[in-house]
Amino acid sequence: MASILISSSEKYSGKSSLCTGIGIILQNKGYSVGYMKPIGNMLVDVNGILSDEDAEQMRRVFDLKDDRNHITPILLTDNLAEDALAGVEKHFDKTLADAFSEVSKDKDVVLIEGTGGIGGGAMYGLSDPQISSILGTKMLLVTRYDSVHAVDRILCDIELIHDPDMLAGIILNEVDESQMTYVCELVVPFLKDKGIKVVGVLPKDSTLRSVPISEIVEDLHAEVLAGSEHLKELVEHYLVGAMEVNSAIKYFRRTPGSVVITGGDRADIQMAAIEARVKCLVLTGNLQPSGAVLGSADEAGIPVVLVRGDTMSTIGRMEGLIGHARFRKEHKLDRMVELIENNVDVNSLLSIIGL
């Protein structure tokens, strides 16, 4: 039985989407695929049972029948953090090993998803390299290439991996088209000279980054006040309307096709966003806008949705939704598989982990 732990330099680097895409490719090749996320950090309630959002998605995608407690044996609750700080011994090594033994049964390969960044969970003795050591598996490191500073992050991450043989390779993800030549001709050879194998360079892709407005409404538990017939429109960016109105119009026009988040009492910003023809208005604080705003939005075909939360909490939810390839739609799954097949040396990766 083969296994690999998919780690990342930071949150929202594409770890979950790569885990999903690689798993589908393996299934298409005839392998029986298992999945494990040792530490659940995105907690959700599933019929009264606490679980992890990523783990639940993987259960659906891979049609897994394993017990939730085996797929995600450790949940990152407040009590867990307090116990760790108080020095309470939890014997997580055995917990992980036992769970891994269960999810590995009758599987050809098990994909193990790390927690946040590579060092996440270190206070519990459960950073990604520590988990990899406990389970005796290699690591695949995913880094979102936002600038050349990503190289610094990679080199720092490598320092956390005490055994060089533990690293199967790295994938540079979300590389902007304008940076692709630079990355392939300079960054990849530089890393190779450092003994770091780059198994894939994935371009930034609008299909993966975009979400329909209807998904934003669902995720934010929002009320649609106007423009309900335009909820299928796709958006790739969000903007925050918290400035004076003249600056806001210029700001909104620089990034067309965006969602604008602003307070329900900021009628000036709302009208500026409508004038700039943004894709959607998200109003916070459960404050109803004026009839003039709703009428203008309806006329312009711009959905206006209302949320109970404040602006900061709404930004947090939006950050996790836009641009981070949550696979709720089949077309995203297909696109991710296509990108991996075209831009990742899958055969080399499988050989490294023993398949």
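The values are calculated or read from the model by the stated rules, or taken from the named source; none is laboratory data. Worth saying up front: this structure is predicted, and the values here are computed from it rather than measured. Here Cβ is always computed from backbone atoms with ideal geometry, including for glycine, and neighbour counts include all displayed protein chains. Quick note on the areas: whole protein, heavy atoms, side chains included, nothing else; ligands and nucleic acids left out. Shrake-Rupley method; radii C 1.70, N 1.55, O 1.52, S 1.80 Å.
With labels modelled as points extended 7 Å from the Cα through the Cβ direction, what inter-label distance (nm, one decimal) is found for residue 224 paired with residue 97?
5.4
Under a 1.4 Å probe, what is the accessible area of the chain per residue, stated in Å²?
Roughly 45 Å² per residue, with all protein chains present.
Please report the spacing between the Cα centers of the range 157-215 and the range 332-355 in Å, no decimals.
Comparing the Cα centres of the range 157-215 and the range 332-355, I get a distance of 13 Å.
Between the DSSP loop rule and a limit of at most 13 other Cβ atoms within 10 Å, which GluC sites (Glu not before Pro) in the range 199-245 are left?
In loop regions of the range 199-245 (DSSP not H, G, I, E or B), the sparsely surrounded GluC sites (Glu not before Pro) are 244.
What FRET efficiency, computed as 1/(1 + (r/R0)^6) with R0 = 51 Å and r the Cβ-Cβ distance, is obtained for residue 106 and residue 177, rounded to the nearest 0.05?
Working from the Cβ atoms, E equals 0.75.
Which option, [x] 178; [y] 142; [z] 150, is the value of volume of the Cα convex hull per residue in Å³ that was calculated from these coordinates?
Among [x] 178; [y] 142; [z] 150, the one calculated here is [z].
Please list 220, 202, 50 in order of solvent-accessible area, largest first, computed with a 1.4 Å probe with all protein chains present.
Ranked list, largest accessible area first: 50, 220, 202.
Nearest 0.05, what FRET efficiency do residue 277 and residue 193 give at R0 = 35 Å with Cβ-Cβ as r?
Efficiency for this residue pair is about 0.15.
Please sort by residue number the trypsin sites (Lys or Arg not before Pro) in the range 256-355 whose DSSP state is loop and whose Cβ has at most 16 other Cβ atoms within 10 Å.
In loop regions of the range 256-355 (DSSP not H, G, I, E or B), the sparsely surrounded trypsin sites (Lys or Arg not before Pro) are 277, 308, 328, 329.
Of all DSSP beta bridges located in the range 204-299, what percent are antiparallel, nearest 5?
The antiparallel fraction comes to roughly 20 percent.
Provide the percentage of antiparallel DSSP beta bridges, counting only those with both residues in the chain; round to the nearest 5.
Approximately 20 percent, going by the DSSP bridge assignments.
For a quick protection proxy, order the peptides 184-193, 79-88 by their average other-Cβ count within 10 Å, most packed first.
Ranking the peptides 184-193, 79-88 by packing returns 184-193, 79-88.
Hey, quick one: spin label on residue 123, modelled 7 Å out along Cα-Cβ, who in the range 71-88 has an amide N within reach, i.e. under 15 Å?
75-88
Taking amide hydrogens as modeled 1.01 Å from N in the peptide plane, which residues meet the under 5 Å criterion relative to residue 120, leaving out close sequence neighbours?
The answer is 128.
Using a simple spin-label model with points 7 Å from Cα along the Cα→Cβ vector, what separation in nm is obtained for residue 46 and residue 267?
Placing both labels 7 Å along Cα→Cβ, they lie 4.7 nm apart.
If the chain between residue 338 and residue 186 were fully stretched, how many nm would it gain, using 0.36 nm times the residue separation less the Cα-Cα distance?
Working it through step by step, the gained length comes to 52.2 nm.
Give the residues of the range 39-54 whose amide nitrogen is closer than 16 Å to a point set 7 Å from the Cα of residue 27 in the direction of its Cβ.
54
For an R0 of 45 angstrom, estimate the FRET efficiency from the Cβ-Cβ distance between residue 88 and residue 1 and round to the nearest 0.05.
Given R0 = 45 Å and the Cβ-Cβ separation, E is 0.85.
Each residue of the range 88-97 in order: what ³J(HN,Hα) in whole Hz does its phi give by Karplus 6.51 cos²θ - 1.76 cosθ + 1.60, θ = phi - 60°, with x for Gly and Pro?
Going residue by residue, I get 6, 6, 10, 6, 5, 4, 5, 4, 5, 4 Hz, with x marking Gly and Pro.
Among 53-59, 338-344, how do they line up from the highest to the lowest mean number of other beta-carbon atoms within 10 Å?
53-59, 338-344
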